[in-house]
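The values are calculated or read from the model by the stated rules, or taken from the named source; none is laboratory data. Since the structure is predicted, the reported quantities are computational estimates derived from the model, not experimental observations. Here Cβ is always computed from backbone atoms with ideal geometry, including for glycine, and neighbour counts include all displayed protein chains.
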Amino acid sequence: MTILNKMYDIITKAINNSELVVSKNIKFSSIIFGNGINENYLYLTDNLYCLIDLIRRGYSNKIDLIYIDPPFFTNMSFDKKIKINLEDEEIVLKRNDFSDSYENGLEQFIYDIALRMNLMRELLSDTGSIYVHVDNRINHYIRIVLDEVFGEKNFINEIIWVYKSGGASNRRFSKKHDNIYLYSKTNKYIFNQQKEKSYNRGYKPYKFRDVIEYKDDLGWYTLVKAKDVWNINMVGRTSKERVNYSSQKPLELIKKAILASTNDNAIVADFYLGSGTTAVAASELNRKWIGCDQNPISIIYTERRLRNSDFTLLIEKESQKFCRTFDIEYYKDEKNLYLFVKDYINIHNDKLKTKPFLYIEKIYVCNNQNDSFNIVSSLDKTSIKENKINITLNGESNLYIIIVDLFGNIDFHKLS
Ligand SMILES: C[S@@+](CC[C@H](N)C(=O)[O-])C[C@H]1O[C@@H](n2cnc3c(N)ncnc32)[C@H](O)[C@@H]1O
C-alpha cells in the first residue's frame with residue numbers, strides 16, 4: 001500500500017469516527033474570571049473534548065476564525081528548566097510544557113489531527129477560515145489532511161512565515177521559515193485585503209502620477225496588497241511579549257490573520273493555545289475568543305496575559321491532576337480567611353520543604369455552586385510574600401482553595 005493510500009484510509013476513518021465521538025458525555029467544572037457575563041471560553045482539556053463540548057453547546061457554524069499551531073511531529077519533549085531554592089541547596093528540575101511523540105507514530109498523528117480538524121470544520125461558519133501553522137517536518141501530510149477535510153477548492157494560501165532565529169547548519173541551507181495553510185469552509189469566506197510596505201528601488205521616490213508614496217527611516221515606499229510571505233520577528237529572549245512558554249508565536253502574526261479574515265465581534269478560536277497568544281490577539285482586536293490547551297501551565301500563562309478580560313475557564317474533570325505536596329491550615333471568621341500554606345517537593349521519595357511559594361504558581365480562593373467556582377480572591381507568586389495569607393470575605397460560604405503548581409498540578413481543597 002502506498003503512503004498516499006494509507007493516508008486516505010486513515011483520514012476517512014477519522015472523518016467517519018468524528019460523528020461517533022460527539023455523543024461522548026464529558027463533564028467540566030467552571031471558574032469565572034471577571035463579571036461572568038462574557039462569551040470567552042478557556043478550556044483545560046484535550047481539545048477533542050473541547051470540540052465535542054462546543055458542538056453540543058450549539059457552536060456549529062458559529063466560529064469565524066480558527067488558528068492552530070499543533071505540535072509538528074518532532075518526536076521531542078518541550079521542557080523548561082526550573083530552578084528551585086530549597087532551604088540549603090538549589091536544584092534544577094524539568095517542567096514538561098508539552099511532548100510531541102506518538103506511541104503509534106505518524107499514523108496516530110494523522111488520525112488524531114484529521115479527527116479534530118473534521119470537528120473544527122463543523123464549528124467553522126460559512127464565512128470562516130482556518131489557519132494551520134506547521135513546518136517542513138509535517139507540512140506535506142497536513143496539506144493532504146486539509147484537502148480531504150476542507151476540500152481542495154477551499155485552499156486559499158500557503159503563507160510562509162520568515163524569521164531570523166534558529167535553523168543554521170553547515171550541511172544545508174538555514175531553515176528560516178514555517179508554513180501556514182489557509183483554508184475556508186465555503187467560497188463565501190471573509191477576506192479583508194491587508195496592505196504592506198514595498199520599498200522603491202534604491203529607496204528613492206518614483207514620482208509616478210496617481211501613486212501615493214511614503215517615506216520612513218529606510219527610504220521611499222508605496223503600500224501594496226499584502227503578500228503570502230510574512231517577515232515577522234520571532235518572540236526573542238528580550239521581547240516584551242515573551243512569557244517563557246515553549247514555542248510562543250508573535251502577536252503580530254496572529255493579529256495579521258485575524259484582521260484579514262474576520263470583522264469586529266467575530267469569534268476566534270485556537271485549540272492548541274499554548275501561552276495564549278491567539279486569545280490575547282483576539283481580545284486586543286475586539287474579537288471574542290475560545291481557547292483550549294491540555295497543559296495547565298498554558299492556562300496559567302493565558303490567564304496572566306488576560307488579567308483584565310472576562311472569561312470562563314472550563315476544566316475537564318478527568319484532566320485534573322492531583323498532587324499532595326501542599327499542607328494547608330486555615331482559620332476563618334465572618335470577615336476573614338487566614339491561610340497558612342506550606343509547599344513541599346517530592347524528590348527520591350523525600351518530602352523536602354521549600355521556601356514558601358517557590359513551587360506554587362497560583363492560588364485561587366473560590367466559592368462553589370453546582371460545579372461552578374466563583375473567584376473570591378486570586379493570588380500569584382509575585383503577590384505572595386510570606387506563607388500566611390489574609391483574605392477578606394463578604395459572607396461567602398462553601399469555599400475551596402485551588403492551588404496550581406509550576407508543573408501544572410492542580411490541587412482542590414474544600415474548606416469545611
Ligand atoms: C506549539 S504549542 C502552541 C503555541 C502557541 N501558538 C503560542 O503562541 O504560545 C502547542 C500546544 O498544543 C498543546 N496541545 C497538544 N496536543 C493537544 C491536545 N490534544 N489538546 C489540547 N492541547 C494540546 C500543547 O500543550 C501546547 O501548549
Q. Of everything in region 68-79 that's in contact (Cβ under 8 Å) with a residue 60 or more places away in the chain, over 16 Å from Lys256 (Cβ atoms) and assigned to a loop (DSSP other than H, G, I, E, B), which residue is farthest from the ligand (Cβ to nearest atom)?
A. Phe73
Q: Those residues that are surrounded by 12 or more Cβ atoms within 10 Å (Cβ to Cβ) and aliphatic (A, V, I, L, M), I need them from region 166-206; list them, please.
A: Ile180, Leu182, Ile190
Q) Under 8 Å by Cβ, and 6 or more places apart or on different chains, what pairs join a residue from region 294-306 that is assigned to a loop (DSSP other than H, G, I, E, B) with one that is charged (D, E, K, R) and within 10 Å of the ligand (Cβ to nearest atom)? A) Gln294/Asp46; Asn295/Asp97
(Q) Quick test of your reading of the structure: Trp230 fulfils all but one of (1) loosely packed, with under 13 Cβ neighbours inside 10 Å; (2) in contact (Cβ under 8 Å) with a residue 12 or more places away in the chain. Name the failing condition by number. (A) (1)
Q: Look at Asp79 and say whether it is more than 20 Å from Tyr49 (Cβ to Cβ) and either under 24 Å from the mean Cα position of the chain (by Cα) or at pLDDT below 75 (or both).
A: yes
Q: State yes or no: is Ile138 modelled with pLDDT of 95 or more and among the β-branched types (Val, Ile, Thr)?
A: no
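Look at Leu20 and say whether it is at pLDDT 90 or above and away from the ligand (no atom under 12 Å from the Cβ). Spell out the reasoning first.
Details: at pLDDT 90 or above: no; away from the ligand (no atom under 12 Å from the Cβ): yes.
No, not satisfied.
Of these, Ile315, Ile297, Ile267, which one is at pLDDT below 90, under 22 Å from Leu123 (Cβ atoms) and not small (Gly, Ala, Ser)?
Answer to the selection: Ile315.
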Q: For Ile290, state whether it is in a helix (DSSP H, G or I), in the same structural domain as Ile258 (by TED's automatic domain parsing), in contact (Cβ under 8 Å) with a residue 60 or more places away in the chain and out of contact with any helix residue (DSSP H, G or I) (no Cβ under 6 Å at 6 or more places or on another chain).
A: no
Q | Residue pairs meeting the criteria (Cβ under 9 Å; at least 6 apart or on separate chains; first in a loop (DSSP other than H, G, I, E, B), in region 100-125; second more than 13 Å from the ligand (Cβ to nearest atom)) | A | Ser101/Asn75; Tyr102/Asn75
Q) Any residue at all in region 3-11 that is within 17 Å of Glu122 (Cβ to Cβ), over 21 Å from the mean Cα position of the chain (by Cα) and either among the basic types (Lys, Arg) or at pLDDT 85 or above (or both)? A) yes
Q) When you look at Lys225, is it surrounded by fewer than 20 Cβ atoms within 10 Å (Cβ to Cβ), out of contact with any Leu (no Cβ under 8 Å at 6 or more places or on another chain) and without any contact (Cβ under 8 Å) to a residue 12 or more places away in the chain, yes or no? A) no
Q: Would you be able to tell me the number of residues in region 26-67 that are of a type outside the set (Phe, Trp, Tyr) and in a strand (DSSP E or B)?
A: 10
